[in-house]
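The structure appears below as structure tokens.
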Amino acid sequence: MSSTQARSETAIDAPRAPAVDMKLEVVAIPVADVDRAKRFYDDLGWRLDADFVKGDAFRVVQVTPPGSSCSIHFGTGVTSAAPGSASGLFLVVSDIEAARAELVGRGVDVSEVFHRAVGEDPLRGPDPARRSYGSYATFNDPDGNGWLVQEVTARLPGRVDTDDTTFTSSTDLATALRRAAAAHGEHEKLIGHHDEGWPDWYAEYIVREQTGKPLPS
């Protein structure tokens, strides 16, 4: 075994805690017509953060999807990539059908919802069990940059801080409450009576769901 392999395996077995947070802030996408791209993302309802121009050689537009901590940049002199060459840009939503309906309502040519398991071909419609990470839709911006919309309702273990829960919008919180309400209905059937402690049960369910822990029954 080489020393490089040994160091790699040791790093996997005993990961070091990061010294500082490194949060993904911006992804640059290549476009041919800056104003056209700006209109498209504005029509999507994405927040316009900046539009800086410096002469004819440089212009950067920053927009942010609703509820996202990461923004996108496009403009002139921003990236050397060919316009429309960005792909696999993921947008995570809590309700794939509602997200698609909103995109259609905003005039976007978006695919039908489909689902697929890892390594399998896509099938029409959302995942029958509405498993997290399993349902998708796609659309392109006017240059052809490709976006993939993915439904995520419960994070896999290790994907989030074990005690860190956040909701980026009232819509996400309301959706989580509806899932908790449905699960709590099954819980009351199981125990055979009304659960006076339902607020605590809801809170426990939502926190466990978002942090990837086993859900209460």
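Each value in this text was obtained by applying a stated rule to the coordinates, not by laboratory testing. Computed from a prediction, not measured in an experiment: that's the story for all the values here. Glycine gets a Cβ as well: all are built from the backbone with ideal geometry, and neighbour counts include every protein chain shown.
Quick notes
- In order along region 185-201, the phi-based Karplus estimate (6.51 cos²θ - 1.76 cosθ + 1.60, θ = phi - 60°) of 3J(HN,Hα) comes to x, 5, 5, 5, 4, 5, 8, x, 7, 5, 9, 5, x, 4, x, 5, 5 Hz; Gly and Pro are listed as x.
- Angle in degrees between helix 3-13 and the longest Cα principal axis of the chain, rounded to the nearest 10: 50
- Amide hydrogen neighbours beyond the local backbone of V27, cut-off 5 Å, H modeled: S71, I72, H73
- The C-alpha atoms of the chain define a longest principal axis, and helix 96-105 lies at about 40 degrees to it.
- Residues D56 and E186, FRET efficiency given R0 of 45 Å [Cβ-Cβ distance, rounded to 0.05]: 0.10
- Projected label points at D200 and T171, each 7 Å from Cα along the beta carbon direction, are separated by 3.5 nanometres.
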